[in-house]
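Have a look at the structure below before the remarks.
The values are calculated or read from the model by the stated rules, or taken from the named source; none is laboratory data. All of these numbers come straight from a predicted model, not from anything done at the bench. Don't worry about glycine lacking a Cβ; one is built from the backbone with ideal geometry, like all the others, and counts go over all protein chains shown.
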Amino acid sequence: MGYLAQLLEAKKRVIEELSSIVGKEGVERARRDHHSRRAPRPCGITIHTGRGCTNACLYCYAMDMGFPRIDEPYPLKVEELVLALAMNPFVIPKRTFAAFGSVVEPLLPNTAGYTLQCIEAVAKRLRLPCQISTKMLLSEELLKRMSRAEPRISLLVTIVTWSYAKVLEPRAPEPEKRIETLRRASAVGIKASLFMRPIIPGITDREAPIILRACLSVGVTSVVLGSLRVTLGVLRRLENARIDVSEIVRRLPRRPRDPRDQVAIRARDLKHRVAAIAKSLGFTIFETACQANVWSHGEYCAACDFGPCGDYSSEPRLTESDVDELLEMIGSRSRCESIDRLRVVIRGSLSRDKAEIVRQATRRIVIVER
């Protein structure tokens, strides 16, 4: 049995073990949950450990997506949530990247304990490389627990403004406290990066030198850059706070069509500008969050056009027969024509969902040739 087939067999065992732990009702809750079927985002499978967020950042679209302003753990038990992930056909043990905190803050006072338990269970049961993003002031004890739960975890700490923080992030900890989180994380051996997302035109790009130098002062030398996504609600909240949104509007490829519609601004030049500043200060620059996750775990990925990322020598040697076994196990009659360090070529008919499973398992771009 090849490497990829072994991973699918391991996944089956996790499902069996957790099903026996949570019981029939727990299995049904896991099966109905969106974690059991949702396709991964570019950064990996996003894991929600809270029902809402109390930080109320004006540029955040979470409240427009229906997330309430509350600090409550996700309603599933930890084992049920991990079971839901194991049931997800797109989640491959050891291969799919896991992202905590992609929408709402995962380390609020009432959710932090649950989140750490989930990280530990995901790392233990599914062995997914985990990443977490936060704006909170984290204690040294909490960071030590995090490191024990997932020793190579990628920690992203968000800072996008210094002087406008009280306006744009009224309930989140001040930037100075987040710098302290970065200092404490480095002290306990966690690979931490500055998360400069979203870059807000006229604010983040202007304040980047201040923010980057503050990170340097505590030994953090890596940064993830990301664009601003806006909704009608984001624009309204910024305008109500007397933030000039003219440059944001100018950079929109189109206006949001409805309250839930998210539109990313054109920000390539802003990212290049900030990257140039960071590079001059000696930073390692990540264009995507998952690049930081690959770096933190010393692994390799070539699953998108930003790659290849990481250390190819760490990658298990995959062959055409490995992929053929995987295809057979997911119910496809297609065959692998070739696989190299950048892509895998499949001959035959392959649905989009099954192609995504192959992409997750091989961490390579999938080319289907009929």
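Couple of notes before you dig in:
- Scan segment 227-273 for residues that are of a type in the set (D, E, K, R), closer than 26 Å to LYS166 by Cβ and in a loop (DSSP other than H, G, I, E, B) and the total you get is 3.
- Segment 198-223: number of residues that are assigned to a helix (DSSP H, G or I) and either in contact with a His (Cβ under 8 Å, 6 or more places away or on another chain) or under 10 Å from THR161 (Cα atoms) (or both): 7
- For segment 162-178, the count of residues that are in a helix (DSSP H, G or I) and under 21 Å from the mean Cα position of the chain (by Cα) is at least one.
- Residue ID - modelled with the lowest pLDDT, chosen from residues in segment 17-47 that are part of a loop (DSSP other than H, G, I, E, B) and out of contact with any Phe, Trp or Tyr (no Cβ under 6 Å at 6 or more places or on another chain): PRO42
- When segment 127-185 is filtered for residues that are among the small types (Gly, Ala, Ser) and in contact with a helix residue (DSSP H, G or I) (Cβ under 8 Å, 6 or more places away or on another chain), the ones remaining, listed by number, are SER133, SER139, ALA149, SER154, SER163, ALA165, ALA172, ALA185.
- Close pairs from segment 123-140: first small (Gly, Ala, Ser), partner modelled with pLDDT under 95 and buried (at least 24 other Cβ atoms within 10 Å of the Cβ), Cβ under 6 Å, at least 6 apart: SER133/GLY101
- Answer residue from segment 182-229, given it is over 19 Å from the mean Cα position of the chain (by Cα) and among the polar types (S, T, N, Q) and is farthest from ALA278 (Cα to Cα) among those: SER186
- Qualifying residue in segment 252-263 (condition: among the aliphatic types (A, V, I, L, M) and in contact with a Leu (Cβ under 7 Å, 6 or more places away or on another chain)): yes
- Lone qualifier among ILE45, ILE70 - being surrounded by 14 or more Cβ atoms within 10 Å (Cβ to Cβ) and touching a Leu at 6+ places or on another chain (Cβ under 8 Å): ILE45
- Among the candidates ARG171, ARG184, residue that is out of contact with any strand residue (DSSP E or B) (no Cβ under 8 Å at 6 or more places or on another chain), surrounded by fewer than 24 Cβ atoms within 10 Å (Cβ to Cβ), under 24 Å from ILE248 (Cβ atoms) and basic (Lys, Arg): ARG171
- Residue match in segment 54-62 (condition: outside any helix (DSSP H, G or I), of a type in the set (Phe, Trp, Tyr), under 18 Å from the mean Cα position of the chain (by Cα) and under 30 Å from PHE195 (Cβ atoms)): yes
- Options ARG333, ARG341: the member that is over 30 Å from GLY202 (Cα atoms) and free of Cβ contacts under 8 Å to residues at least 24 places away in the same chain: ARG333
- When segment 265-320 is limited to residues that are surrounded by 13 or more Cβ atoms within 10 Å (Cβ to Cβ) and among the polar types (S, T, N, Q), the one that is nearest to PRO42 (Cα to Cα) turns out to be THR288.
- Filtered by the rule that a residue be surrounded by 21 or more Cβ atoms within 10 Å (Cβ to Cβ) and assigned to a loop (DSSP other than H, G, I, E, B), segment 187-196 gives a lone residue, ILE190.
- Only one of the numbered conditions (1) under 20 Å from CYS43 (Cβ atoms); (2) touching a Leu at 6+ places or on another chain (Cβ under 7 Å); (3) not in a loop (DSSP other than H, G, I, E, B) is not met by GLU79, and that is (1).
- When residues in segment 311-324 are screened for being closer than 29 Å to GLU150 by Cβ and touching a Gly at 6+ places or on another chain (Cβ under 7 Å), 3 of them pass.
- Within segment 197-218, restricting attention to residues that are small (Gly, Ala, Ser) and under 15 Å from ILE159 (Cβ atoms), the residue that is surrounded by the fewest Cβ atoms within 10 Å (Cβ to Cβ) is SER217.
- The sole residue among ALA361, ALA292, ALA355 that is without any contact (Cβ under 8 Å) to a residue 60 or more places away in the chain, of a type in the set (A, V, I, L, M, F, W, C) and not in a loop (DSSP other than H, G, I, E, B) is ALA355.
- Filtered residues of segment 100-141 (kept if surrounded by fewer than 18 Cβ atoms within 10 Å (Cβ to Cβ), not in a loop (DSSP other than H, G, I, E, B) and not basic (Lys, Arg)): GLY113, GLU140, GLU141
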